[in-house]
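Structure first, commentary second.
The values are calculated or read from the model by the stated rules, or taken from the named source; none is laboratory data. Given the structure is predicted, the values throughout are model-derived calculations rather than measurements. Every residue, glycine among them, receives a Cβ derived from its backbone with ideal geometry; neighbour counts consider all protein chains shown.
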Amino acid sequence: MKRFVWLLIGGLVVLLAACGEGEEVGLDTAVPTPLPTIEPTATETAVPVNVLEETAVPTPTIPIETPTPPSPLAEVLDLQTLPKVPVDFSQAYSLKTPDYDFLNDWLRAARNTQQRGLPYFYVFDLLAFDFARSFPNGAGQLESVFQESQGGSYLNESLTWPVLQTAVVAYLNENQIALEDGKTVHRLNFTLEPHVTDLNSDGGKVWFVEMEAKDLYILGVLPLFIDQAGQYTILPHMIEPVNTSFYHLATQQKFDYDFTGDGQVDVFQAAEGYAGGPIAFISVYTWDGLTISLLEKINTSVPTYKPYASYEIGDFTNDGVADVKVTIPHEVNLNCT
């Protein structure tokens, strides 16, 4: 207690001494600003990071296909703008013979088309007509026909037959090969079996040439005559070839029978094969004065696992005309076990 009193008295003496010297004493009543609080810095621990090095893989270059420009459209004439030309009925008009190279290019282009629906049903029929009737003295080369047959894309007889006929005739004329009755001719990959006859009973020779090209799987009959210039010429006909890739079991072609009683020989064809079941047919062609056309075609195919039909040629009606008798076997189950 005494110490506190003495401290108080001492403080008063100091205060009085200051005042005695004539100085103003100010009391500082401001609240002192506290020092900023320094937060401890957190110690950062380095974590190792694995850096993966990426190897740049070159992006493959995708070839850009250049679009094929469409074929230019053919110029179609307006028939109304053409001048009218009177028809001179005293003149004989005929169709212009098409160029062989043009038709052959069309045939090749249509054959190589992937989607062949339209060319097969339309273009090929027109080409067959043009080839058979526009080049009766032959056109084309046999080598190209057989070369293009490689790969199996040229084995359809409807494609091959028009060109093959004109090529064979051209080959005979260019090489001056004389056909002889019953004498086989072997050339390249085809075989010719000539048979001579007289269709019009005028002494003129007509050759029924049985032609087979095994590489093309085709067997056909090519009727020829010799024109005034001494050239072999195709006689107008509708004789269809046989596709031996289907009808490979038995084929027969005969030129010795008269089935119409007109005194002229007719063409007889018979073929048997297998395509999911026995297939067979018999065809007879006859000369009508203008062309060799189909007289009758008989389908002699039978169901699967059934025996083939058989046929005979003879005068079964005793009228002096050849007939064809076809026998088809039937099975009858008489409740036998």
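Somewhere in segment 232-240, is a residue of a type in the set (S, T, N, Q), surrounded by 15 or more Cβ atoms within 10 Å (Cβ to Cβ), within 34 Å of the chain's Cα centre (by Cα) and closer than 22 Å to residue 138 by Cβ?
Within segment 232-240, one or more residues are of a type in the set (S, T, N, Q), surrounded by 15 or more Cβ atoms within 10 Å (Cβ to Cβ), within 34 Å of the chain's Cα centre (by Cα) and closer than 22 Å to residue 138 by Cβ.
Name the residue, out of 328, 298, 279, that is of a type outside the set (Gly, Ala, Ser), buried (at least 16 other Cβ atoms within 10 Å of the Cβ) and farther than 21 Å from residue 235 by Cα.
Answer to the check: 279.
Which members of segment 247-271 meet the condition of being farther than 16 Å from residue 196 by Cα and surrounded by fewer than 19 Cβ atoms within 10 Å (Cβ to Cβ)?
The answer is 248, 249, 250, 251, 252, 260, 261, 262.
Somewhere in segment 120-133, is a residue more than 18 Å from residue 218 (Cβ to Cβ), modelled with pLDDT under 70 and more than 18 Å from the chain's Cα centre (by Cα)?
Among the residues of segment 120-133, at least one is more than 18 Å from residue 218 (Cβ to Cβ), modelled with pLDDT under 70 and more than 18 Å from the chain's Cα centre (by Cα), which makes the answer yes.
Looking only at segment 205-222, count how many residues are assigned to a strand (DSSP E or B) and under 26 Å from residue 249 (Cβ atoms).
11
Of the residues 314, 320, 289, which single one is of a type in the set (Gly, Ala, Ser), over 30 Å from the mean Cα position of the chain (by Cα), over 26 Å from residue 218 (Cα atoms) and at pLDDT below 90?
Just a single option satisfies the conditions, and that option is 289.
Restricting to segment 203-230, what's the tally of residues that are crowded, with 17+ Cβ neighbours inside 10 Å and on the phi < 0 side of the Ramachandran plot?
Qualifying residue count for the region: 16.
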